[in-house]
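S.K.: Please see the structure below; I have some questions.
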Amino acid sequence: MMLFPTSLSAVGDVHGASPALSPGNWAHYALSGNESQGAVDALFTVQRVDGNNVTFSDLDTFSDGHTTMETVVVSISTGPTLPSSGQYFVISPQKQLGDSVYPGDHHYQNLTIQDLTTRPYVSAKRQIAHVHAYNSSQIYTETTPPSTTFEDFYWDYSTGMFTEIVKSLNGEVVLHVTMSSTSLWEPDSSIDSLLIPSAVVSLISAGLIGIILVGRYRRKTKRFSG
């Protein structure tokens, strides 16, 4: 998938933190938009972690039912093996505000984490690192007017795995990729843990009130009949 402008991509020296992913980790993504090229689901599975490099298998499922498989290698220091691919699927974990996405490449000095927010993904509230990038073309012809492409890229703070991509061209969303399921974390149980005991307490209270009322009614009836 072409996710970021090629002008933002290059390869430099390798250095940086270790990946927070392990072989077997996986994540499903739902895809939409013209630039998805008909793909509706993508399954990324970590096959290998070697130093700074993470090797993924990418199984894409298309709207007509057919599938394709490819292997993607991304360095958390310098980015993907093929810099023009824009396949920035993983970064170093626990990136802070102002940190370069890929510090091992000087071309990414201006591509830095711009905010850290809490966003819901796969039934859990996750701390998310975010980059907003753009590429503007001023070349104008009668058939090709100037265009501006924006990309919003979101990574999970703890693992560095991408959670969402939104790409727009001249204000129209042409690619939207969102994590739909994953083995990287469990759904939050905080809501359930609050609701279930409350429901139990409510049922018990209702039962006690019912017993008291019935008892009082029976005593009144007995007194009246006597």
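The values are calculated or read from the model by the stated rules, or taken from the named source; none is laboratory data. Remember, it's a predicted structure, so these values are computed and weren't measured experimentally. Ideal geometry is used to build each Cβ from the backbone, glycine not excepted, and the neighbour counts take in all protein chains shown.
S.K.: Go over the candidates GLY86, GLY24 one by one and state the one that is of a type outside the set (A, V, I, L, M) and modelled with pLDDT of 95 or more. It would help to see each step written out before you state the result.
M.R.: Details: GLY86 fails: modelled with pLDDT of 95 or more.
Checking each option against the conditions leaves just GLY24.
S.K.: So, one more: Of all the residues that make up region 86-115, how many are among the acidic types (Asp, Glu), surrounded by fewer than 21 Cβ atoms within 10 Å (Cβ to Cβ) and over 14 Å from ASP152 (Cα atoms)?
M.R.: The first filter runs over region 86-115 and keeps only residues among the acidic types (Asp, Glu), leaving 99, 105, 115.
Subsequent filtering for residues that are surrounded by fewer than 21 Cβ atoms within 10 Å (Cβ to Cβ) retains 99, 115.
Add one more test, that the residue is over 14 Å from ASP152 (Cα atoms), and what stays is 99.
Qualifying residue count, region 86-115: 1.
S.K.: Considering only residues that are surrounded by 21 or more Cβ atoms within 10 Å (Cβ to Cβ) and farther than 22 Å from PRO19 by Cα, which ones fall in region 157-174?
M.R.: LYS167, the sole residue that qualifies.
S.K.: Restricting attention to region 88-131, report how many residues are within 25 Å of GLY51 (Cα to Cα), β-branched (Val, Ile, Thr) and in a loop (DSSP other than H, G, I, E, B).
M.R.: Residues meeting the conditions: 3.
S.K.: Taking region 116-134, which residues are of a type outside the set (Gly, Ala, Ser), modelled with pLDDT of 95 or more and surrounded by fewer than 16 Cβ atoms within 10 Å (Cβ to Cβ)?
M.R.: Those that are of a type outside the set (Gly, Ala, Ser), modelled with pLDDT of 95 or more and surrounded by fewer than 16 Cβ atoms within 10 Å (Cβ to Cβ): LEU116, THR117, THR118, ARG119, PRO120, LYS125, GLN127.
S.K.: Exactly one of (1) assigned to a loop (DSSP other than H, G, I, E, B); (2) at pLDDT 90 or above is unmet by THR144. Its number?
M.R.: Unmet condition: (2).
S.K.: Mind listing whichever residues of region 38-70 are free of Cβ contacts under 8 Å to residues at least 24 places away in the same chain and not in a strand (DSSP E or B)?
M.R.: Of everything in region 38-70, those that are free of Cβ contacts under 8 Å to residues at least 24 places away in the same chain and not in a strand (DSSP E or B) turn out to be GLY65, HIS66.
S.K.: In this structure, does VAL54 turn out to be in the same structural domain as GLU164 (by TED's automatic domain parsing) and modelled with pLDDT under 95? Walk me through how you get there before you give the answer.
M.R.: Working: in the same structural domain as GLU164 (by TED's automatic domain parsing): yes; modelled with pLDDT under 95: no.
Taking the combined requirement at face value, the residue does not satisfy it.
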